[in-house]
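Undergrad: The following block contains the structure, expressed as structure tokens.
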Amino acid sequence: MSEYQELTGAEIVIKALVDEGVDIVFGYPGGAVLPIYDAIFAQNSLRHILVRQEAGAAHAAEGYARSTGKVGVLLVTSGPGATNVVTGLTDAMMDSIPIVCLTGQVATHLIGNDAFQEADTVGITRPCTKHNYLVRDANDVGRVIHEAFYVARSGRPGPVVVDLPKDVQLSIGRYAAATEVAHRTYRPRVKGDSTKIEAAVAMIAAAKRPLFYTGGGVINAGRRASELLTELVRLTGYPITNTLMGLGAYPGSDPQFLGMVGMHGLYESNLAMANCDLMIAVGSRFDDRVTGKLTAFSKGSKKIHIDIDPSSINKNVPVDIGIVGDVGSVLDDILKVWKKKRYKPDAKALKAWWKQIEQWRGRDCLRYRKTADVIKPQYAIERLYHHIKGRDAYITTEVGQHQMWAAQFLRFEEPNRWMTSGGLGTMGYGLPAAMGVQVAHPDALVIDVAGEASILMNIQELSTIIQYHLPVKVFILNNHYMGMVRQWQELLHGGRYAETYMDALPDFVKLAEAFGAVGLRASRPEELDDVIQQMITTPHPVVADIVVDPDENCFPMIPSGAAHYEMLLGPEDAKPEISAEGKMLV
Amino acid sequence: MNLEPIARAHTIAVLVDNEAGVLARVVGLFSGRGYNIESLTVAEVDAVKRMSRITIVTKGTPMVIEQIKNQLGRLVPVHAVQDLTSEGPHVARELALIKVEGTGERRVESLRIADIFRARAVDSTTHSFIFEMTGSTEKLDAFIGLMRPLGLVEVSRTGVVAIRRGASGFENGKMARANGDERPRAKKQRVKV
Ligand SMILES: Cc1cc2nc3c(=O)[nH]c(=O)nc-3n(C[C@H](O)[C@H](O)[C@H](O)COP(=O)(O)OP(=O)(O)OC[C@H]3O[C@@H](n4cnc5c(N)ncnc54)[C@H](O)[C@@H]3O)c2cc1C
Ligand SMILES: Cc1ncc(C[n+]2csc(CCOP(=O)(O)OP(=O)(O)O)c2C)c(N)n1
Ligand SMILES: [Mg+2]
């Protein structure tokens with residue numbers, strides 16, 4: 001069939017987005033995208049959210065994507081509009097978040113001339129996108145946009161840029177009806193190799209000290225994958241730990257869940273990783289925050305790794321069975337084999353393994369000293385959890401100690417409820433991400449757990465939040481320091497706190513009010529519950545400034561360069577000698 | 001005992017869509033991830049399907065080579081990746097143009113060696129030759145080494161092109177894309193107007 005419509009490139013953009021099921025676009029206008037804005041003006045299918053800086057659009061699209069499982073979309077102008085989204089694109093690349101970013105470009109005949117607001121957008125974004133396109137012909141606009149969505153969401157998800165020169169937006173092109181795009185080259189493998197799956201199941205059944213180590217890939221794979229994971233973990237009775245990116249893929253309050261693993265993960269999780277005889281890695285990528293010193297990483301275990309991206313397998317840690325495929329599909333097959341062959345776990349061995357794990361749990365590694373006069377940051381998060389438990393809540397974070405405390409103390413019962421910048425660790429992610437989440441879930445409780453330093457990186461988005469009546473809550477653990485960096489200075493640089501004290505901070509209550517939000521403050525433990533309660537029940541945007549102990553550090557911690565079983569559990573643990581090699585790792 | 005895995009040279013062939021920027025993607029991947037390129041050649045090999053073939057000689061431990069193949073396979077415009085070095089016998093050739101300057105005995109000697117190496121003189125003046133030579137990298141290296149004392153002026157080399165021995169071609173060979181030897185159909189996309 002060759003039915004097609006003749007439209008301008010800009011109209012095709014809108015048509016293609018609507019056909020992709022897009023309802024929200026985060027963006028910021030400029031000369032090179034004016035025709036697209038004109039096309040937006042002329043329709044009612046797409047809602048445009050005007051951010052205050054393009055970085056905000058990128059993180060908002062990420063928050064939207066991660067909380068819905070759909071592709072997030074943003075639209076920015078050429079030159080500075082495009083360069084402002086580079087951090088967000090890199091963030092989405094590292095954390096496998098599907099977003100499509102439309103950028104304006106100078107007219108094709110001007111490309112390469114240092115024209116006004118020209119930047120080599122495809123050149124700049126090549127290493128930080130999964131793929132990018134420069135469209136030179138209005139007839140290609142529709143096809144390229146559909147391809148961009150396909151690439152962004154398929155296989156290992158990621159960001160895709162479509163660069164649209166202004167003349168292409170203005171000229172007439174064909175938008176074809178009912179095309180079937182089977183991508184010429186990109187067809188990621190979904191189904192796992194059945195022989196390997198059978199071998200893996202036999203290995204799983206025979207394990208004496210097994211551990212599931214699951215990550216963001218389970219969340220990428222969709223809700224069903226989390227359900228299948230939960231079924232398998234319960235069927236086997238094996239312990240499970242999550243990466244920072246994987247939180248929520250398995251119910252956080254379940255006794256089989258050991259808590260987060262890694263540098264600031266729980267003692268029992270890391271020791272279980274170190275001492276297991278079988279590690280079942282599901283959609284997790286053996287990141288250095290998890291493995292610690294590679295040569296000392298879980299030496300006695302066999303390893304199974306399920307991942308849709310072959311380059312994740314055997315990258316950092318060699319594994320015994322690597323299964324390329326989608327988590328959902330592979331777990332489904334694993335469950336079928338397990339049931340068909342009537343496998344039973346080794347009950348006796350498992351009992352002994354759990355006994356050992358309970359002993360590690362008994363260390364109560366998240367314990368901290370409560371004080372009557374200052375709010376401990378951990379206490380603030382614990383109370384926050386108390387008040388939001390059981391509610392329809394979504395949490396985003398900024399980057400730093402507050403992020404780690406949130407990961408340790410909040411428990412997520414479902415996937416897509418936890419949005420954090422893991423791979424890139426982008427300060428300034430949390431507020432715009434919360435905005436994106438709230439746009440997708442207007443009635444939910446959306447909270448950005450923030451640090452006072454991070455929140456200032458994209459504070460301008462409070463203005464967007466006000467404009468669209470998004471009742472986002474910002475919960476600032478204000479310790480007056482770039483706490484996470486100060487903690488490293490304590491450990492690595494003799495406590496010389498170079499440039500990590502946050503001087504001249506704004507009054508966050510007044511700042512909130514200046515934007516039109518509600519500002520609250522708690523400085524003493526007895527004020528905390530009231531402030532949290534008020535924050536949650538206020539139907540408007542709220543900034544809660546929680547003044548916490550400036551000296552608290554985040555434990556447990558695996559110091560850099562150390563093995564993953566060499567954890568510091570608290571300030572009373574002697575400061576270790578950090579090797580020269582360790583100092584080089586950040 | 002030294003258990004450090006050894007870094008070996010591998011010749012990798014990559015079949016790509018001949019679209020703008022595809023070479024930049026491949027080269028950017030190597031520089032961005034710190035892999036080394038010993039030689040790289042590229043040209044369109046199928047004008048109808050608009051496909052190009054890139055041949056890369058790189059060096060790495062088995063784990064690094066596996067990463068390189070998988071990372072190449074991740075690039076969207078890549079059709080297929082073949083590690084010719086580890087997937088059975090292959091033929092590898094390089095072409096060089098070698099300019100040598102000299103008179104008298106040196107000139108005669110260079111011509112004599114060229115004859116032994118089956119290099120062809122494709123240009124000559126009274127005091128210079130340009131030799132054209134095709135062969136393995138080692139053979140070219142050897143010839144160029146011998147020309148050096150005889151008045152070597154400059155060298156232009158193509159880098160290695162290589163192809164698997166036997167009847168099977170790229171696509172019907174076992175190794176298709178690095179990310180899966182099975183190729184499920186892409187999700188259908190219906191576009192309504
Ligand atoms: C200050 C700070 C401290 C941190 N501390 C820790 C810490 O203590 N512990 C910790 O765990 N992390 C920590 N991180 C995060 C860390 O840097 C990494 O981002 C994180 O460990 C990676 O998580 P992941 O392994 O789940 O992989 P992700 O980055 O989520 O990658 C997902 C993996 O799954 C695969 N995948 C995607 N989709 C599918 C699918 N459908 N099917 C199959 N596979 C799929 C991908 O190919 C990829 O390999 C910290 C970050 C910061 C900023
Ligand atoms: C954009 C960016 N710049 C710098 C850093 C390095 N960094 C990591 S954590 C941190 C401090 C964060 O301070 P704050 O937001 O107050 O959080 P805290 O650790 O105090 O909870 C810094 C500077 C970063 N992650 N991101
Ligand atoms: Mg701070």
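Undergrad: From the phi angles alone, apply the Karplus equation (6.51, -1.76, 1.60; θ = phi - 60°) to region A:36-52 and give each ³J(HN,Hα) in whole Hz, x where the residue is Gly or Pro.
TA: 3J(HN,Hα) across region A:36-52, in whole Hz: 5, 5, 5, 5, 5, 4, 8, 9, 10, 7, 9, 9, 9, 10, 7, 7, 10.
Undergrad: Right, another one. Mind ranking A:186-198, B:143-155, A:421-433 by how tightly packed they are, going by the mean number of other C-beta atoms within 10 angstrom, highest first? Mind dumping the intermediate values first?
TA: On the way: A:186-198: 18.8, B:143-155: 15.5, A:421-433: 26.8.
Per-residue mean Cβ counts within 10 Å order the peptides as A:421-433, A:186-198, B:143-155.
Undergrad: Relative contact order of region A:1-156: what whole-number percent is it, with Cα pairs under 8 angstrom and at least 6 residues apart?
TA: Values: 235 pairs, mean separation 37.7, N = 156.
Relative contact order, region A:1-156: 24 percent.
Undergrad: Would you work out if chain A is rounded, prolate or oblate? Take a ≥ b ≥ c from the square roots of the eigenvalues of the alpha-carbon gyration tensor; rounded if a/c is under 1.5, else prolate when a/b is larger than b/c, oblate otherwise. Before the final figure, lay out the partial values.
TA: Values: a/c = 1.89, a/b = 1.24, b/c = 1.52.
Oblate is the answer for chain A, as a/c is 1.5 or above yet b/c matches or exceeds a/b.
Undergrad: Note down the magnitude of the dipole of region B:1-81 about its Cα centre, charges +1 on Lys and Arg C-beta and -1 on Asp and Glu C-beta and zero elsewhere, to the nearest 20 debye.
TA: 80 debye
Undergrad: So who's got an amide H within less than 5 Å of the one on residue A:119, skipping anything under 5 residues away but keeping other chains? H placed 1.01 Å off N, in plane.
TA: Residues meeting the amide H criterion: A:79, A:106.
Undergrad: Given the DSSP H assignment, sum -39500 (n - 2.57) over each helix run of at least 4 residues in the protein assembly as shown and divide by its residue total; what's the result at 222 nm in deg cm²/dmol, nearest 500? Before the final figure, lay out each step's value.
TA: On the way: 28 runs with 271 residues, N = 779.
That calculation yields -10000 deg cm²/dmol at 222 nm.
Undergrad: Between residue A:355 and residue A:526, take the C-beta separation as r, use R0 = 35 Å, and let me know the FRET efficiency to the nearest 0.05. It would help to have the intermediate numbers written out before the result.
TA: Working: r = 41 Å, r/R0 = 1.16.
About 0.30, to the nearest 0.05.
Undergrad: Right, something else. If one takes the longest principal axis of the Cα atoms in chain B, at what angle in degrees, from 0 to 90 and to the nearest 10, does the Cα axis of helix B:22-32 lie?
TA: Between helix and principal axis, roughly 80 degrees.
Undergrad: Quick check on packing: order A:117-126, A:481-490, A:510-519 by the mean number of other C-beta atoms within 10 Å, highest mean leading. Working shown, then result.
TA: Working: A:117-126: 18.9, A:481-490: 20.9, A:510-519: 17.1.
Sorting A:117-126, A:481-490, A:510-519 by mean packing, highest first, produces A:481-490, A:117-126, A:510-519.
Undergrad: For region A:381-386, just list the computed ³J(HN,Hα) in residue order, Karplus coefficients 6.51, -1.76 and 1.60, θ = phi - 60°, integers in Hz, with x standing in for Gly and Pro.
TA: 5, 4, 5, 4, 4, 4
Undergrad: Now a separate question. Straight-line reach only, C-alpha to C-alpha below 24 angstrom: list the lysines that residue A:370 could link to, leaving out same-chain residues fewer than 8 apart.
TA: Qualifying lysines at Cα under 24 Å: A:389, A:575.
Undergrad: For region A:317-437, what is the charge dipole size about the Cα centre, in debye to the nearest 20, if Lys and Arg each add +1 at the Cβ and Asp and Glu each add -1 at the Cβ?
TA: Working: 20 positive and 13 negative charges, 162 e Å.
So the magnitude is around 780 debye.
Undergrad: In chain A, what percentage of the DSSP-assigned beta bridges are antiparallel, given to the nearest 5? Intermediate values should be presented prior to the final figure.
TA: Values: 8 of 73 bridges.
Of those bridges, close to 10 percent are antiparallel.
Undergrad: So how many Lys-Lys pairs in region A:282-346 land under 17 Å Cα to Cα, not counting same-chain pairs under 8 apart?
TA: Value for region A:282-346: 5.
Undergrad: Under 5 Å between amide H atoms, partner at least 5 residues away or on a different chain: which partners does residue A:419 have, H built in plane at 1.01 Å?
TA: The list, which skips near neighbours in sequence, is A:395, A:396, A:397.
Undergrad: Percent relative contact order of chain A, based on C-alpha pairs within less than 8 angstrom and at least six residues apart?
TA: Working: 1318 pairs, mean separation 80.8, N = 586.
Taking the mean separation of contacting Cα pairs over the length of chain A, I get 14 percent.
Undergrad: Under a 5 Å amide H to amide H cut-off, with H placed in plane at 1.01 Å, what residues pair with residue A:302 once short-range neighbours are removed?
TA: Counting only residues 5 or more places away or on other chains, the set is A:278, A:279.
Undergrad: Give me a single rounded figure for A:144-153: the average over its residues of other chain Cβ atoms within 10 Å of their Cβ.
TA: Working: counts 0, 0, 3, 3, 0, 1, 4, 1, 0, 1.
The shielding value for this peptide is 1.
Undergrad: Calculate the mean, over all residues of peptide A:305-312, of how many other protein chain Cβ atoms lie within 10 angstrom of the residue's Cβ. Don't jump to the answer; show the numbers that get you there.
TA: Numbers: counts 0, 0, 0, 2, 5, 11, 12, 3.
Mean shielding by partner chains, rounded to a whole number: 4.
Undergrad: Give me a comma-separated list of calculated 3J(HN,Hα) values for region A:64-73, in order, Karplus coefficients 6.51, -1.76, 1.60 applied at θ = phi - 60°, integers in Hz, x for any Gly or Pro.
TA: 4, 5, 5, 8, 10, x, 9, 7, x, 10
Undergrad: Another one. How well do other chains shield peptide A:186-192, expressed as the mean number of their Cβ atoms within 10 Å of each residue Cβ? Write down the numbers at each step before the final one.
TA: On the way: counts 10, 10, 8, 7, 4, 3, 2.
Taking all residues of A:186-192 together, the mean is 6.
Undergrad: Helix B:62-74 against the longest principal axis of chain B: what's the angle in degrees, Cα atoms only, rounded to the nearest 10?
TA: 60 degrees
We did not get these values from a lab; they are worked out from the coordinates using the rules stated. On a predicted model such as this, the values are computed, not experimentally measured, just so you know. Here the Cβ is made from the backbone with ideal geometry for all residues, glycine too, and neighbour counts use every protein chain on show.
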